[in-house]
1. Under 19 Å Cα to Cα from LYS38, which aspartates and glutamates show up? Leave out anything in the same chain fewer than 8 places away.
2. Placing +1 at every Lys and Arg Cβ and -1 at every Asp and Glu Cβ, with all other atoms neutral, what dipole size does the chain have around its Cα centre, in debye to the nearest 20?
3. Which ³J(HN,Hα) values, rounded to whole Hz and listed in residue order, are derived for segment 54-67 from phi using the Karplus coefficients 6.51, -1.76 and 1.60 in 6.51 cos²θ - 1.76 cosθ + 1.60 with θ = phi - 60°, glycine and proline given as x?
4. Using the number of other C-beta atoms within 10 angstrom as an exposure proxy, rank VAL114, VAL54, VAL19 with the fewest first.
5. In whole percent, what relative contact order does the chain give with Cα contacts below 8 Å and a gap of six or more residues?
6. Please give every one of the lysines within straight-line cross-link reach of LYS39, meaning a C-alpha to C-alpha distance under 21 Å, and leave out same-chain neighbours fewer than 8 residues apart.
7. Using the Karplus curve 6.51 cos²θ - 1.76 cosθ + 1.60 with θ = phi - 60°, work out ³J(HN,Hα) for each residue of segment 99-106 in order, rounded to whole Hz, and write x for Gly and Pro.
Amino acid sequence: MISQKARYALRALLALARVGPGNTLMTSEIATEEKIPKKFLEQILLQLKGNGLVRSHRGRTGGYELIRPAEEVMFGEVLRLIDGPIALLPCLSIVAYRRCEDCRSEESCELRHVFSRVALASRDVLDKTSLAAALAAPELLA
């Protein structure tokens, strides 16, 4: 299960993708439109900014905008940024691999074999689905 923070981050990024390149949304607009607590959203946007996904503009017409095209921002990237590794078992993580302490052998571990298929399928969807694709095909968000 992804965290509420990751869900809010994705919803904020989708809102920014919806307004298109070069356009900004104020934090209060995103918070209202996406029903995200404003203080929590501010923290999320700062994290996204620090990781090069959004930039902020000051002033009356300021706000946040996507730095990269929505076609280049993948769900998997955002989830890893906010929640960390996408793996149900530590031995299946690509970026934070750890051998399971109670495992006799990874090669013969039935749990690993099953969850490996789950991880591959999940990564395939998340790493190939961009913000733009999600907006173009809303059934992907269901």
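Only the coordinates and a few stated rules stand behind these numbers; no lab work does. All values derive from a computational prediction rather than experimental measurement. Counting neighbours? That spans all protein chains shown, and the Cβs are built from the backbone with ideal geometry, glycine included.
1. Excluding near neighbours in sequence, the set is GLU29, GLU65.
2. Charge dipole of the chain: 500 debye, to the nearest 20.
3. Whole-Hz 3J(HN,Hα) from phi for segment 54-67: 9, 9, 10, 10, 8, x, 4, 9, x, x, 10, 9, 5, 7.
4. VAL114, VAL19, VAL54
5. 25
6. Counting by Cα, and skipping residues close in sequence, LYS39 has these lysines nearby: LYS5, LYS49.
7. 5, 5, 4, 9, 8, 6, 7, 5
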